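Take a look at the structure below.
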Amino acid sequence: MTESLVKVIMKGDEPVNVPAYFISKHEGFIGSIKTFIEDFVVTEIDINGQKVKTGQAVQTAGCTSSEENQTNKELKENLYCSSSQDADVSSDWGSGSDTPLPALGSFDLDVILGPSVSEDLEQFVMTLREKRPSGPELSLGSFSDKHQRANVHRAVRHRFPFLLTVTIQPEIRVREDPDYRELARLVREEEAEDFFRFIDAKVRGSSYTFGPDDSKEHRTAVHHFLNRRFGKLVETKSFSSQGRTSISVRLREHGKPKKRTAEERKEEDIYTAFTLCKENLETLEAISYMAATLGVLPSDFTYAGIKDKRAVTYQSMVVKKVSPQRLKEKAAEFEKRGMRLSQIRSVNEPLKLGRLRGNHFDLVVRNLRPHGASDERLSGADRDTRLAALVKEAVENVKRRGFVNYYGPQRFGSGQSVLSDRVGLALLKEDMVNAVRLFFSPEDSDDPHSLAKRHFLQTDNPKESLALMPLSKPRERLMLRALNRYGTGPDGCVQAWLSLPHSIRVFYPHAYCSRVWNDAAAHRLSAMGLGVRQGDLVWTQTGQNRTEDAGEIISPQIHVVTREEEQAGVYALEQVLLPMPGNSVKYPENAMRAWYQERLAGDGLAESRFRVSSLKLNLPGCYRPLLAVPHNLSYQLHRAACGHGAKKQESDPESLALSLNFDLDSSCYATICLREIMKCET
C-alpha cells in the first residue's frame, strides 16, 4: 500500500467523537444517510457465511433496527479478550438508550407489577433491610395467567433473591426467606444475594465461590449451613489460593432441584428459533417487550449480535420455554410494536453471542453534492458527471484499500452530554461517586429522562428522581432504587453499580478502552505512516485463531515485526494489530508502547491493573486489526427523493443518490466505512 493522505475532520471548534484519519487520497462527496428508515438495512451473516433467511413472515409489517455489531462485545460478560478470553457485550450502549445495553436480567418491576405495587414492594424490602418490624407477607395481587405468574416469580426472585414468592392462586405473596437471613449472618449480604441467584439459576455443574475466610471455625459453620439446607443440590469444599482459604460451592450434576411439574420440565427443554425484523427499535428493547408478552425473562432469549435502533435489521434469535405455536400466536402483538417474525421453527439449543460472520448492509445515501464550492456552480448534467467520477474513485479506493477500523461514535454515546468512555474512566479509577454523577448527566433538553437526571444531580434525592424517571429507562431506575436504599455516598454508589448486570457494568470501561484504541490508531497512522514498522504487532493467516465474531482477535500468534522484515516488506498494513488496553495484552515494541504508557498515565491509569474488584470487573484486553475491508462491495447511482423527514412523500424533490451494498466483519462499523468513502461525517 502506498503512502496517502492522512486527514482530521473537525466539527465546529471541537474534534468529532471518532478520529477521521483517512488512508486514501480521493476527494469524496457530501450526502445524507438514514434519511428514511429503509435507507439503512442490516442483515446478519451467520457463522457459515450465509445471510439469515427473511422468508415469509407470520405477519406482514415494515421493519427496522440497528447498525452494526459493535456491541457484540459489550454483551459478553468480558467482551474483550486476549489469550485469556472472557465473554462480553455489544452493544450500542454507549449512547444512552441508543447504545443497546445488554438485556437486564429481569424486567422493570414497575412494568410487571405496576408502579403502585412496585413501590409497596420497595418499601417492604426497605423495612426488611432496616430490620424494622413488618408484616409477615406482602400481596403483589392476583394473576390469572400462569405464564404471567411465572414471570412475576422469576423477576421478583432475581431482583430480590432474599424474598420467597408464594402462590395462593391466583394471588402471589412475598415474604423474607429465612434461609437467606441465616446465610447473611454468616457471610456478607452481597455474597448471600449472589449465592441465592446462583441457586435459583440451577445451571448444572456451575459453581460459586465465597470470599476468602481465614477462620476454620467460621468456614465450618458455613459448610454446615449449606449442606443442611442445600445438600441435595450442591457440594461444598474449601480450597487455598495465595495463602487464603475460600469455600467453593458446586451445583451437583444430578442434584435434586426444586420439584417442577411435568409441564414445567417440558417447557425447560423447548427452544424456538426465528428471524426478527424490527423497525425503530433496539434489539434489547424488542427482547424486553417479547419477554413480557410471553411471560419469560429477557435472559431466555439468545442472539448472535446486537443491532442499533435507526435501521431495518434482520437477525436470528432463539427463545427458551416458548413453543413455535405459542410464538406464532403472539406475532400480531409484536407487529404492533414494529417487529416481524419469520422462519419460526424448533431447534435443539440456544444461540451463542458472537456466533456470526458479520453483517450485510444495503444503504442509500441521498442528496449527493461535491465538497468544493466551485462544483456547486456546475450545471445539472455536468454536476452529475462530476459526482459520478467522485463516487467511482471513492468506492474503488475503499474496495481496494479498506478503511481505518475505528469504533463508531455510537460506541461512546453519540449525542450525549457525557460520553460513556468518561463514565468508564471514572470506574477504572474507582471514583464511584463521580461515575454515578457522570452516568446521570442530563442532555440539554426538557424531556422527562433529562429532567429526572437533572433533579437527581441538583437534589441528591434518588427517591424523588425515581418517581420522575420514565419506565422506559430500566438502567437509571435500577441505579436510583439502589441509591435510595444504600445512600449516595461511595458505598451506596458501589451498590448502585452492582444493581446493574455485569454485562452493563463492564460496557463503560470497555467504551474507555475503545476510545484509547481509536486514538492509538490515529496516532499510529499520523506518526508512523502507512507502512509496517519494526516493533509493530502483526498476525498471520496461518494458524490464526480469531474470535467467532471476527471483530477482535484472541489467542493470536502475535508476532513482533523485526527490522529485516520491515525492510523486506514482509507484512502488509492489513495484518497490523493494535491492542485494546487490558491486563493480558502485550504492546508494540516501538514508539507506540510509549504512546500507550503516556496516554494511560495522563488519564490517571499508570498503575491500573484493569480490574475493579468492588464491581467484579476484569478487562484482559484484546487485539483489533488496524484496518477493515468491505467485502462484495457494489454501488449504483440513481435518482431518488432528497427527503426531509421520516417518511417519503410523493412531492419530495429528486436528486442524485447512491446505493451501496457490502459485507463487513462483525464489530466493524458501516458508518465508519461510509466516512472513508465520503470524507465527511456521517
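The values are calculated or read from the model by the stated rules, or taken from the named source; none is laboratory data. Please read all numbers here as calculations on a predicted model, not as lab measurements. Glycine also receives a Cβ, built like all others from the backbone with ideal geometry; neighbour counts cover every protein chain displayed. Please note that ligands, DNA and RNA were not included when accessible areas were found on the heavy atoms of the full protein model with its side chains. Shrake-Rupley method; radii C 1.70, N 1.55, O 1.52, S 1.80 Å.
Annotation: His218 carries an accessible surface of approximately 60 Å², with a 1.4 Å probe and no ligand, DNA or RNA atoms counted. Measuring from a point 7 Å past the Cα of Glu654 along Cα-to-C-beta, which residues in region 342-369 have an amide N at less than 14 Å? Backbone N within reach: 367. Its Cα gyration tensor gives region 178-253 an equivalent ellipsoid, and the semi-axes of that ellipsoid, as √(5λ) in whole Å with the largest first, are 18, 15, 11. For the pair region 134-159 / region 498-521, the C-alpha centres are spaced 35 Å from each other. Cross-link pairs exceeding 29 Å in C-alpha to C-alpha distance, out of Lys232/Lys328; Lys278/Lys320; Lys202/Lys309; Lys399/Lys586; Lys453/Lys616, comprise Lys232/Lys328; Lys202/Lys309; Lys399/Lys586. Between Ala467 and Glu119, the distance separating the two model label sites (each 7 Å from Cα on the Cα→Cβ line) works out to 0.6 nm.
Solvent-accessible surface of protein heavy atoms, probed at 1.4 angstrom with all chains present, puts Leu327, Leu351 in the order Leu351, Leu327, largest first. Please find the FRET efficiency linking Thr293 to Glu681, where r is the Cβ-Cβ separation and R0 is fixed at 60 Å, and quote it to the nearest 0.05. With R0 = 60 Å, the Cβ-Cβ based efficiency is 0.95.
For region 355-468, a/c is not less than 1.5, where a ≥ b ≥ c are the root eigenvalues of the C-alpha gyration tensor, and a/b tops b/c. That puts it in the prolate class. The label-point distance for Ala606 and Glu333, in a model that sets each label 7 Å from Cα toward Cβ, rounds to 5.8 nm. Residue pairs exceeding 18 angstrom between C-alpha atoms, taken from Lys321/Lys473; Lys34/Lys307; Lys25/Lys679: Lys321/Lys473.
Extension gain, Val347 to Thr209: 0.36 nm times the residue separation minus the Cα-Cα distance gives 46.3 nm.
You can think of it this way: the chain between His218 and Gln534 has 108.1 nm of extra reach, that is 0.36 nm per residue less the Cα-Cα gap. When the surface is traced with a 1.4 Å probe over the full set of protein chains, Phe143 keeps roughly 20 Å² accessible. Taken one residue at a time, the phi angles of region 343-355 give Karplus couplings (6.51, -1.76, 1.60, θ = phi - 60°) of 6, 6, 7, 7, 9, 9, 7, x, 7, 10, 4, x, 7 Hz. Gly and Pro are set to x.
The listed residues Asp447, Asp120, Asp308 rank as Asp120, Asp447, Asp308 when sorted by accessible area, largest first, using a 1.4 Å probe. Counting heavy atoms of the protein chains alone, Glu137 has an accessible area of about 70 Å² for a 1.4 Å probe.
Length gained on full extension, Thr245 to Ser445, computed as 0.36 nm times the residue gap minus the Cα-Cα distance: 66.7 nm.
Scalar couplings 3J(HN,Hα) for region 466-477, obtained by applying the Karplus form with A = 6.51, B = -1.76, C = 1.60 to θ = phi - 60°, are 4, 5, 8, 6, x, 5, 7, 10, x, 5, 4, 5 Hz; x denotes Gly and Pro.
Plainly put, region 410-505 has a radius of gyration that is 0.93 times its Kirkwood radius, both from alpha-carbon atoms, as the Rg/Rh ratio.
With a simple spin-label model that places each label point 7 Å from the Cα along the Cα-to-Cβ direction, the separation between Asn632 and His371 comes to 3.1 nm.
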